[in-house]
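Trainee: One structure, as structure tokens, below. Some questions next.
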Amino acid sequence: MDVIIKDNERLDDLQCKGYYIIQNPDMFCFGMDAVLLADFTSGKKMAKAIDLGTGTGVIPILMEARDKAAHFTGLEIQNESADMALRSVMYNNLKDKVDIVCGDIKEIEKHFEREAFDIVTSNPPYISEKKGLLNAMEPKNIARHEILLSLEDVIRAAAYLLKVGGSFAMVHKPFRLAEIIRLLSKYHLEPKRIRMVQPYIDKEPNMVLIESVKGGKPMVKVEPTLVVYNKDGNYTGELLKCYNN
């Protein structure tokens, strides 16, 4: 199928299953956190999965490559990003496996029925403080800062979408971990797995991966920390496994 690549866009090789993704470097391009989340999320082969704030659709496409569900949906509020995501789905011949919906997470009830999914993922904006932004509505700022939604909006939507026993996986910043756990508890999402990610063995973590279960019993497994770089600056073997799974 012929898919248009627009001016200022590029076609990036995801280096898995022959898939590519359309991105615009003037907007927000996916990073390592999206790849780690797609790898970290527990899969169920017959499940229905949805990614909240999917951007250009990288997480559903990577999860499909890893066979982590039977069908995937990406929800994205920015029209330009949703359009790139849809064209990436078409480019990779995944239109029967991945749907892209343009809509607002805060209005989740308008788009989906309650308890319609088995798996929810999200790589939400990390920064709650909006001060210092020259243009708050720039796509990169919307992706990084809680301008159009809050952390609670994401977690509330995940709880609404999940069936009892379904899982919600998210990547975020460790300095907000206490807040994350409080909000998960508020919406009856029980943390079950936590994994810290740190750039070097002697540096503090700069990412946290956390997976919770709706209606789950209290018991959390803290997995071994993932170290990204060796002392020589090359990726560790463990990090490369996350990319190659």
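Trainee: Please determine whether any residue of the range 14-35 is among the basic types (Lys, Arg) and closer than 29 Å to Arg114 by Cβ.
Mentor: No.
Trainee: Give me the helices (runs of 4 or more DSSP H) completely within the range 37-111, filtered to those with at least 1 residues that are at pLDDT 95 or above, over 19 Å from Arg10 (Cα atoms) and out of contact with any Lys or Arg (no Cβ under 6 Å at 6 or more places or on another chain), ordered by residue number.
Mentor: 58-65, 108-111
Trainee: Another question about this same structure. Out of Leu189, Leu184, Leu177, report the one residue that is out of contact with any Leu (no Cβ under 9 Å at 6 or more places or on another chain), buried (at least 17 other Cβ atoms within 10 Å of the Cβ) and within 18 Å of Leu37 (Cβ to Cβ).
Mentor: Leu184
Trainee: Restricting to the range 71-82, and then to whatever is surrounded by 19 or more Cβ atoms within 10 Å (Cβ to Cβ) and not aliphatic (A, V, I, L, M), can you tell me which residue is farthest from Ala157 (Cα to Cα)?
Mentor: The qualifying residue farthest from Ala157 (Cα to Cα) is Ser81.
Trainee: For Arg87, indicate whether it is crowded, with 20+ Cβ neighbours inside 10 Å and touching a residue at least 12 places away in the same chain (Cβ under 8 Å).
Mentor: Yes.
Trainee: Check whether at least one residue in the range 24-36 is over 25 Å from His172 (Cβ atoms) and either without any contact (Cβ under 8 Å) to a residue 40 or more places away in the chain or surrounded by fewer than 16 Cβ atoms within 10 Å (Cβ to Cβ) (or both), and report yes or no.
Mentor: yes
The values are calculated or read from the model by the stated rules, or taken from the named source; none is laboratory data. All of these numbers come straight from a predicted model, not from anything done at the bench. Cβ: placed from backbone, ideal geometry, glycine included. Neighbour counts: every protein chain shown.
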